[in-house]
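Below you'll find the structure, written out as structure tokens, and then a few comments.
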Amino acid sequence: MRVVALDDLSGGFEDHVPAGVEFVRGSINDVDLVNRLFAEHRFEYVFHLAAYAAEGLSHFIKRFNYTNNLLGSVNLINAAVNTGTVKCFVFTSSIAVYGRNQLPMTEDTVPQPEDPYGIAKYAVELDLKEAHEIFGLNHVIFRPHNVYGANQNLGDRYRNVIGIFMNQIMQGQPMTIFGDGTQTRAFSYIDDVAPVIAASIERPASYNQVFNVGADQPYSVAELAKVVAKAMGVPPQINHLEARNEVVHAYSAHEKAHKVFGDLIKNVSLETGVNQMAVWAKKTGARQGQAFKGIEVRKNLPASWAKLEIPN
């Protein structure tokens, strides 16, 4: 099977592209490029993982968020429909679509997203449902959460808390936590997520369905900091920042995914996954993070982010 990867490298690195993959540097916001690639390659399957996934920052970059995460997705959906060769469109949404709902979050819970990132993801889900009903485009929607592992961008200052913690430790800085650290998440090792997403196109039972995918066991951010410090071989040093407006407890149930993909789910423990990522992080070394260029709304922007801000 030929694989073509399109990425603008805003959060990744070209040397992470596997051998044998045709890499195209570009954006899903480039309609002409997207349409040309679909016309040239006549894709049978589309895996759409592209997004700017800084959920907390999305309140302050609304236009950027919707342009990248919603309109960019629509460009791909349009091309898939117009080409007519796509057998299945696989989309990585997020448990951010659920908002502050009853825990654990299940696929039959009515989404009530509370931030622009979650709103955009849910809008794409609804558009895929419409595209199936009107145009017959099959899809699979995954709602992963708090995914971590080797090859993440350690220099990202706004997302991927485990990578942020490891990068801070390697720079001799304390780990920063918004609020008291009692907020909980189920941190999901990449090996429990990526194989499931990849296998979905070969499992017709998954078509036109929505699946939560990721770890079952939630941990507080304070507990996470201790696990990361131990894996990095240092005592935990924490700098508590002012709490930000966020969903305090977010974790989901995965019974539906186990029914279709149970043979692929390894249930990697937090300690095991963090230890494996730490080995990679130490070899990679600290990365200098980049501040986001172009904050659109400065009201209520967390002070720690405002210090990083680069003016428009």
### Task
Determine, yes or no, whether Ile164 is part of a helix (DSSP H, G or I), closer than 17 Å to Ala50 by Cβ, of a type in the set (A, V, I, L, M) and in contact with an Asp or Glu (Cβ under 8 Å, 6 or more places away or on another chain).
no
### Query
Which numbered condition trips up Tyr117, out of (1) surrounded by fewer than 19 Cβ atoms within 10 Å (Cβ to Cβ); (2) in a helix (DSSP H, G or I); (3) among the hydroxyl-bearing types (Ser, Thr, Tyr)?
(1)
### Query
Mind checking which residues of region 191-220 are touching a helix residue (DSSP H, G or I) at 6+ places or on another chain (Cβ under 7 Å), among the aliphatic types (A, V, I, L, M) and assigned to a helix (DSSP H, G or I)?
Val196, Ala199, Ala205
#### Entry: The lone exception for Ile141 - which of (1) of a type outside the set (Asp, Glu); (2) free of Cβ contacts under 8 Å to residues at least 12 places away in the same chain; (3) in a strand (DSSP E or B) it fails
(2)
### Message
Name the single residue that is surrounded by the fewest Cβ atoms within 10 Å (Cβ to Cβ) among those in region 150-182 being polar (S, T, N, Q), within 24 Å of His254 (Cβ to Cβ) and modelled with pLDDT under 95.
### Response
Asn151
### Message
Every residue in region 144-161 that is in contact with a strand residue (DSSP E or B) (Cβ under 8 Å, 6 or more places away or on another chain) and part of a loop (DSSP other than H, G, I, E, B), please.
### Response
His145, Asn146, Gly149, Asn160
### Message
Taking the condition of being out of contact with any Pro (no Cβ under 6 Å at 6 or more places or on another chain) and more than 18 Å from Asp32 (Cα to Cα), how many residues in region 60-84 meet it?
### Response
5
### Message
Given the criterion surrounded by fewer than 19 Cβ atoms within 10 Å (Cβ to Cβ) and either under 18 Å from the mean Cα position of the chain (by Cα) or not in a loop (DSSP other than H, G, I, E, B) (or both), identify the matching residue among Phe23, Phe91.
### Response
Phe23
## Note on the structure
Residues of region 124-149 being of a type in the set (A, V, I, L, M) and either in contact with a helix residue (DSSP H, G or I) (Cβ under 8 Å, 6 or more places away or on another chain) or buried (at least 21 other Cβ atoms within 10 Å of the Cβ) (or both), in sequence order, are Val124, Leu128, Ala131, Leu137, Val140, Ile141, Val147
### Task
Restrict the check to region 123-130 and report whether at least one residue is at pLDDT 95 or above, assigned to a helix (DSSP H, G or I) and under 24 Å from Pro302 (Cα atoms).
no
### Task
Would you mention how many residues in region 144-165 are free of Cβ contacts under 8 Å to residues at least 40 places away in the same chain and more than 13 Å from the chain's Cα centre (by Cα)?
1
### Task
For region 280-295, enumerate the residues that are exposed (fewer than 13 other Cβ atoms within 10 Å of the Cβ), over 22 Å from the mean Cα position of the chain (by Cα) and on the phi < 0 side of the Ramachandran plot.
Lys283
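The values are calculated or read from the model by the stated rules, or taken from the named source; none is laboratory data. What you see is a predicted model; the values in this text were computed from it and never measured. Cβ coordinates were reconstructed from backbone atoms using ideal geometry, including for glycine residues, and neighbour counts include every protein chain displayed.
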